[in-house]
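Everything on this sheet refers to the single structure shown next.
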There are 2 protein chains.
Amino acid sequence: MSGEAAFIESLRALAHHPAARSLDDDAAVLEVGAETLVLTHDMLVEGVHYLPAQSRADVAWKLVATNLSDLAAKGAEPLGVLLGYMFGEGEEDFLSGLAEVLDHYGVPLLGGDTVSGGPPQALGLTAIGRATHCPVPSRSGARPGDTLWVTGALGQAMLGFEALRDGTAGDTGAYVRPMARLAEGQALAPLVSAMMDVSDGLLLDAWRMAEASAVSLAIDGAGVPVAVAEPRRLDALRWGDDYELLFTLPDGVEPPVAATRIGRAEPRGFVPLFLDGAPIANRAGLGWEH
Amino acid sequence: MSGEAAFIESLRALAHHPAARSLDDDAAVLEVGAETLVLTHDMLVEGVHYLPAQSRADVAWKLVATNLSDLAAKGAEPLGVLLGYMFGEGEEDFLSGLAEVLDHYGVPLLGGDTVSGGPPQALGLTAIGRATHCPVPSRSGARPGDTLWVTGALGQAMLGFEALRDGTAGDTGAYVRPMARLAEGQALAPLVSAMMDVSDGLLLDAWRMAEASAVSLAIDGAGVPVAVAEPRRLDALRWGDDYELLFTLPDGVEPPVAATRIGRAEPRGFVPLFLDGAPIANRAGLGWEH
């Protein structure tokens, strides 16, 4: 285990509160009186999560949208966000992108902090939501016999990243302005046995869901909707940043939103993941580890 | 107005939600069903808010305690914190300090994020609390005739900073491990007309309270309890980081906690602040502007 992985494990151990489910993966669930809150905090760092030359309007959008995607995976309705902002480049662009994304999702900026320091610029965002269904969906609820589904088509963010990196005329939208599936998450929350967003790649995130649920997930790779040409299908399954919802349903239950059935949950076999019948023995290379 | 000040003003304008009261000063107040939440987010940056050589255990303590102090000023009971952690130096020290401060205040770590990047290291913390009294105290409620009070003695953090900076044998505790006045804040919340924590210096924070409340505050400088020798009294009134509570009470109401009466609120005069009868015409130099 690397030093960083050990640190994260130690933080998890510190987070002994039953509500503590976050730290790099799920959002935290907190019961307050009769309300159930869902809380998430993500940081973006210049040069790590975005390029120094990238539009700060897009960075603001992504900062908010990726946190809202974490709420979507919990079926939560966003109540507001807190911003941690380090002064850097492109303040006006950042403000315009922030205004756009908050307006798009109808989410208020509640407060936060501004600091100097850097480069690199570091940004933080906390999103607070209210659960619309309890128990709140988690990644650990998949059961043998459940069907496995995904919203949307994968690989659009990959194409967007490549267009941005290579300066081609391709559509960068899916990468620079990801969408949080809030309506879908709320519609699915009462039905799913497990749910998460696909932030680090379908295969890696499915691996994590299988591990958390103590099942094996068998994925029909050819059946996964992708937005890329066939030779790049596997790339699309390994690429993150699509922020689609991955979920399981009890057998026979149909999703109330547009989604594609891509596999099923089975009793835990000798590996957590099977792709077109082939066991995936190692999570290395399945997606973006961070 | 500097570019940074203009940015903060723009953020405030964006934060058009009635709950939005934060952004560098107060915590945000958010009503969720029958509950009233208090939310605060602060960032600390290496080289700006702490020295690269400073103990990361102390940095972890300060990161949590300063956010809890914001909750204290609202009379809120902490429910949990979310951590934004950038890998840097002293991970084990950070963990031990974090465990200590969470244990001291009985506050759970709910989740968060870990990232690479830097130096400089940037850290963020979000604290979530539940209001114990509504309306939640704010800095804007002082009325002419109210009495002005402060908890504790000021200047201890200044002495601690100087001992740390100069490497003397002086007690650094008040600077490196500030205490959040949570119990006092909860006891005071039902009684105060205005309350805030003294994070940037008594005079500057009193100026802010006077401005927010549209009153003038007349402070008896000699009556302010200080932890320093007399020649340095004025320094202690300008120095931040003490995290004591500054509050106003209706005339005749006595505080239920240890505190010292240091002045009174008057109808708004030609300046917001009077120190021993002398008008303070300019906030420059009153404390730590950031």
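The values are calculated or read from the model by the stated rules, or taken from the named source; none is laboratory data. Computed from a prediction, not measured in an experiment: that's the story for all the values here. No Cβ is skipped: glycine too gets one built from the backbone with ideal geometry, and neighbour counts run over all protein chains shown.
Condition test on A:Val192, is it closer than 22 Å to A:Asn282 by Cβ, among the β-branched types (Val, Ile, Thr) and either at pLDDT 95 or above or crowded, with 24+ Cβ neighbours inside 10 Å (or both)? The answer is no for A:Val192. Surrounded by fewer than 23 Cβ atoms within 10 Å (Cβ to Cβ), in contact with a Ser or Thr (Cβ under 7 Å, 6 or more places away or on another chain) and not acidic (Asp, Glu) - does that describe any residue in region B:96-103? No; the residues of region B:96-103 include none that is surrounded by fewer than 23 Cβ atoms within 10 Å (Cβ to Cβ), in contact with a Ser or Thr (Cβ under 7 Å, 6 or more places away or on another chain) and not acidic (Asp, Glu). Pick from region B:41-67 the residues that are within 7 Å of chain A (Cβ to nearest Cβ) and in contact with a strand residue (DSSP E or B) (Cβ under 9 Å, 6 or more places away or on another chain): which of them is surrounded by the fewest Cβ atoms within 10 Å (Cβ to Cβ)? Per the stated criteria, the residue is B:Val48. Each residue in region A:272-290 was checked for being over 20 Å from the mean Cα position of the chain (by Cα) and surrounded by fewer than 16 Cβ atoms within 10 Å (Cβ to Cβ), and 6 of them qualify.
Restricting B:Gly129, B:Gly173, B:Gly111, B:Gly160 to those that are closer than 23 Å to B:Asp197 by Cβ and at pLDDT below 90 reduces the list to B:Gly173.
Going by what's in this entry, would B:Gly269 be described as among the small types (Gly, Ala, Ser), in a loop (DSSP other than H, G, I, E, B) and not assigned by TED's automatic domain parsing to the domain that holds B:Lys62? Yes; evaluated as a whole, the condition is true for this residue.
Going by the structure shown, is B:Glu162 closer than 21 Å to B:Thr40 by Cβ and part of a helix (DSSP H, G or I)? No: the conditions fail for B:Glu162.
Among the residues of this structure, B:Leu102 does not count as one that is assigned to a helix (DSSP H, G or I), facing chain A (nearest Cβ under 8 Å) and over 28 Å from B:Val32 (Cα atoms). With respect to the stated conditions, B:Gly141 fails to be more than 27 Å from B:Ala214 (Cβ to Cβ) and not basic (Lys, Arg). Evaluation of A:Ser96 against the conditions (1) within 10 Å of chain B (Cβ to nearest Cβ); (2) part of a loop (DSSP other than H, G, I, E, B) shows that the sole unmet condition is (2). Restricting region B:205-252 to residues that are among the aromatic types (Phe, Trp, Tyr) and within 11 Å of B:Arg139 (Cα to Cα) leaves a set whose member that is farthest from the chain's Cα centre (by Cα) is B:Trp207.
Of all the numbered requirements in (1) touching a residue at least 40 places away in the same chain (Cβ under 8 Å); (2) within 10 Å of another protein chain (Cβ to nearest Cβ); (3) not in a strand (DSSP E or B), B:Leu123 misses one, and that requirement is (3).
The residues listed here are B:Gly152, B:Gly84; of these, the one that is outside any helix (DSSP H, G or I), in the same structural domain as B:Ile219 (by TED's automatic domain parsing) and modelled with pLDDT of 90 or more is B:Gly152.
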